[in-house]
Protein chains: 4
Amino acid sequence: MLLKLNLESETPIYLQLRNSIIEGIASGQLKEGEALPSVRMMASDLGVNMHTVNKAYQLLKQAGFILIHRQKGVVVNPDGMPGLDDEYKESLNSGLRPFISEAICRGMGESEFLKMCQTIFKDIKQ
Amino acid sequence: MLLKLNLESETPIYLQLRNSIIEGIASGQLKEGEALPSVRMMASDLGVNMHTVNKAYQLLKQAGFILIHRQKGVVVNPDGMPGLDDEYKESLNSGLRPFISEAICRGMGESEFLKMCQTIFKDIKQ
Amino acid sequence: MLLKLNLESETPIYLQLRNSIIEGIASGQLKEGEALPSVRMMASDLGVNMHTVNKAYQLLKQAGFILIHRQKGVVVNPDGMPGLDDEYKESLNSGLRPFISEAICRGMGESEFLKMCQTIFKDIKQ
Amino acid sequence: MLLKLNLESETPIYLQLRNSIIEGIASGQLKEGEALPSVRMMASDLGVNMHTVNKAYQLLKQAGFILIHRQKGVVVNPDGMPGLDDEYKESLNSGLRPFISEAICRGMGESEFLKMCQTIFKDIKQ
DNA sequence: GTGGTCTAGACCACC
DNA sequence: GTGGTCTAGACCACA
């Protein structure tokens with residue numbers, strides 16, 4: 001799996017990394033139980049600091065997307081992904097709200113917005 | 001118009017402010033041409049620093065949502081909002097992508113996601 | 001003579017006023033010895049504060065472009081315009097420098113820049 | 001590269017700084033990809049506040065002259081300078097107009113004005 | 001170490 | 001009164 005980082009983006013690298021891995025899982029490129037490169041390996045591959053990769057992994061582990069075994073390394077959680085609890089729905093809601101507000105201001109209709117979402121869905125699932 | 005800030009959020013205050021004002025415009029609570037409180041006024045109302053409010057205003061000005069007259073103060077852009085240019089669409093796309101990836105991972109179906117968006121649309125427009 | 005003000009510009013109104021009057025003289029629309037509206041008159045015509053017009057007039061008077069008689073009112077200096085002293089040349093030089101620097105950075109050639117100046121010359125002189 | 005500031009000038013420090021850096025790029029003293037001092041470093045060098053330097057950097061970043069990496073610091077945009085779009089030409093035109101008007105009033109001929117521009121061009125490019 | 005954010009308080013230009 | 005500029009000093013996120 002190829003990870004794309006934009007070192008000049010406003011988004012911190014560790015978040016880009018987190019997002020890329022989640023997108024990899026969503027798209028099926030990373031399957032449950034599949035191994036991920038070690039922290040050092042990925043850091044070296046991407047040319048970023050080890051701490052940066054570690055931070056992304058810790059975020060993913062804490063949310064339940066991956067498991068980190070001291071010896072066996074890092075794997076996509078074989079017991080399934082974290083679910084749709086209320087806390088997540090609430091955070092998703094808060095996260096989307098500013099995007100939708102701005103879209104309305106700029107004159108984007110609801111249907112156009114939904115269409116864009118559908119396009120992204122298709123694009124991720126391929 | 002009542003603005004709600006969460007001083008303990010990870011989102012910087014000036015961005016929360018920016019988002020709240022955009023939502024206010026989207027919802028129609030703030031109409032084109034309507035005046036906004038002066039930087040000092042709003043800062044005092046919200047209990048934050050003048051410069052924090054100013055930063056939010058500058059962002060909104062730069063994007064074309066508001067006009068800042070040196071003396072007359074701040075008004076919602078009476079000539080209409082910024083439009084749907086490609087640059088914006090691109091940024092919207094990039095911004096939504098991580099949310100959709102995570103939603104897919106967590107087992108949220110496309111229809112459920114779209115429904116949530118529709119709910120937010122309704123909620124903002126009231 | 002019709003003065004055009006942009007109340008939303010970054011440039012202070014009194015400077016826009018000063019510049020417009022100078023351009024009027026340069027273009028020949030205002031001739032030496034010709035009368036200008038009184039401070040109150042012009043302020044009322046333009047819908048701006050009296051002090052603002054006064055500030056523009058004071059600037060023009062100090063530089064020698066106009067004369068202000070307590071009774072007779074304001075006239076374009078009938079004894080001719082201020083000349084090309086070294087101080088002015090120096091200030092012109094300093095003022096143009098940033099424009100030329102940026103033009104170079106953005107890839108505008110010297111000839112293209114000079115052409116733009118010539119166009120402005122023609123446009124003012126008509 | 002040596003920057004000269006005039007703390008008593010009417011031009012705000014952050015603008016002087018912006019102009020100096022642009023002139024540095026135009027003259028070739030600052031090359032594309034070259035690093036600039038950190039905000040704190042430059043502030044300390046110049047004896048001004050960090051925020052003043054930051055404001056200049058933010059202006060330059062927004063216009064596309066430099067890139068700001070959160071950790072690596074500031075560099076002259078290695079992908080080249082911003083181009084000659086219509087918006088810039090318009091602003092250049094508006095910026096030059098008052099200078100040309102005044103030059104005409106003061107009896108400076110078109111050729112003399114163009115000559116001065118050429119001199120500045122040479123002076124910057126060296 | 002870097003830039004990002006926030007505060008507190010000051011003076012000035014403009015109208 | 002408004003926003004614009006500048007200072008001084010603080011804490012945090014990031015790498």
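The values are calculated or read from the model by the stated rules, or taken from the named source; none is laboratory data. Since this is a predicted model, take the numbers as computed values, not measurements. Cβ atoms come from the backbone with ideal geometry, glycine included; neighbour counts cover every protein chain shown. Ligands, DNA and RNA are excluded from the accessible area calculation, which covers all protein heavy atoms including side chains. Shrake-Rupley method; radii C 1.70, N 1.55, O 1.52, S 1.80 Å.
Data overview
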{"quantity": "Residue match in the stretch C:92-107 (condition: outside any helix (DSSP H, G or I) and under 30 Å from D:VAL76 (Cβ atoms))", "calculated": "yes"}
{"quantity": "Per-region count, the stretch A:4-20, residues under 18 Å from B:ASN93 (Cα atoms) and of a type in the set (A, V, I, L, M, F, W, C)", "calculated": "3"}
{"quantity": "Complete set of residues in the stretch B:81-91 that are in a helix (DSSP H, G or I) and either within 7 Å of chain A (Cβ to nearest Cβ) or among the aromatic types (Phe, Trp, Tyr) (or both)", "calculated": "B:TYR88"}
{"quantity": "Which numbered condition D:ALA63 misses (of (1) in contact with a strand residue (DSSP E or B) (Cβ under 8 Å, 6 or more places away or on another chain); (2) under 14 Å from C:ALA103 (Cα atoms); (3) within 16 Å of DNA strand E (Cβ to nearest atom))", "calculated": "(1)"}
{"quantity": "Per-region count, the stretch D:46-67, residues more than 17 Å from the chain's Cα centre (by Cα) and not in a loop (DSSP other than H, G, I, E, B)", "calculated": "2"}
{"quantity": "Number of positions in the stretch B:12-43 that are within 11 Å of DNA strand E (Cβ to nearest atom) and either aromatic (Phe, Trp, Tyr) or exposed (fewer than 14 other Cβ atoms within 10 Å of the Cβ) (or both)", "calculated": "3"}
{"quantity": "Selection count where residues are within 9 Å of DNA strand F (Cβ to nearest atom) and polar (S, T, N, Q), scope the stretch B:19-48", "calculated": "1"}
{"quantity": "Index of the failed condition, A:PRO78 passing every other in (1) at the interface with another protein chain (Cβ under 9 Å from one of its Cβ atoms); (2) surrounded by fewer than 17 Cβ atoms within 10 Å (Cβ to Cβ)", "calculated": "(1)"}
{"quantity": "Sole residue being farther than 19 Å from C:LYS4 by Cα, at pLDDT 95 or above and touching a Phe, Trp or Tyr at 6+ places or on another chain (Cβ under 7 Å), chosen from C:GLY107, C:GLY95", "calculated": "C:GLY95"}
{"quantity": "Total residues in the stretch D:58-80, condition of a type in the set (S, T, N, Q) and touching a residue at least 12 places away in the same chain (Cβ under 8 Å)", "calculated": "1"}
{"quantity": "Checklist (1) within 12 Å of chain D (Cβ to nearest Cβ); (2) open to solvent by 40 Å² or more (accessible area, probe 1.4 Å) applied to C:HIS69, failing item", "calculated": "(1)"}
{"quantity": "The stretch C:2-11, residues that are open to solvent by 40 Å² or more (accessible area, probe 1.4 Å) and away from chain D (no Cβ under 12 Å)", "calculated": "C:LEU2, C:LEU5, C:LEU7, C:GLU8"}
{"quantity": "Among the residues listed as B:LYS115, B:LYS125, the single one being exposed (fewer than 15 other Cβ atoms within 10 Å of the Cβ) and touching a Ser or Thr at 6+ places or on another chain (Cβ under 9 Å)", "calculated": "B:LYS125"}
{"quantity": "Qualifying position, being touching a His at 6+ places or on another chain (Cβ under 9 Å) and at negative phi, among C:TYR14, C:TYR88", "calculated": "C:TYR14"}
{"quantity": "Test set (1) closer than 19 Å to A:SER9 by Cβ; (2) open to solvent by 40 Å² or more (accessible area, probe 1.4 Å); (3) hydroxyl-bearing (Ser, Thr, Tyr) - D:SER91 fails condition number", "calculated": "(1)"}
{"quantity": "Filter result for the condition that a residue is in contact with a Leu (Cβ under 8 Å, 6 or more places away or on another chain), part of a loop (DSSP other than H, G, I, E, B) and more than 9 Å from every other protein chain (Cβ to nearest Cβ), over C:LEU17, C:LEU30", "calculated": "C:LEU30"}
{"quantity": "Hits in the stretch B:66-79 (condition: within 14 Å of DNA strand E (Cβ to nearest atom) and of a type in the set (D, E, K, R))", "calculated": "B:ARG70, B:LYS72"}
{"quantity": "Among the residues listed as B:SER38, B:SER111, the single one being in the same structural domain as B:ASN19 (by TED's automatic domain parsing) and among the polar types (S, T, N, Q)", "calculated": "B:SER38"}
{"quantity": "Some residue of the stretch B:67-76 being out of contact with any Ser or Thr (no Cβ under 6 Å at 6 or more places or on another chain), closer than 22 Å to A:GLU10 by Cα, at pLDDT 95 or above and β-branched (Val, Ile, Thr)", "calculated": "no"}
{"quantity": "Extreme residue, nearest to D:ILE21 (Cα to Cα), among residues of the stretch D:100-111 that are facing chain C (nearest Cβ under 9 Å) and surrounded by fewer than 19 Cβ atoms within 10 Å (Cβ to Cβ)", "calculated": "D:GLU110"}
{"quantity": "D:ARG70, sole failed condition from (1) of a type in the set (D, E, K, R); (2) more than 18 Å from the chain's Cα centre (by Cα); (3) within 26 Å of D:MET116 (Cβ to Cβ)", "calculated": "(3)"}
{"quantity": "Cβ-Cβ under 8 Å pairs, at least 6 apart or on other chains, the stretch D:36-53 side closer than 17 Å to D:ASN6 by Cα, far side in a helix (DSSP H, G or I) and more than 10 Å from DNA strand F (Cβ to nearest atom)", "calculated": "D:VAL53/D:MET42"}
{"quantity": "Filter result (of a type in the set (S, T, N, Q) and either touching a Leu at 6+ places or on another chain (Cβ under 9 Å) or closer than 18 Å to A:ILE25 by Cα (or both)) within the stretch B:92-115", "calculated": "B:SER94, B:SER101"}
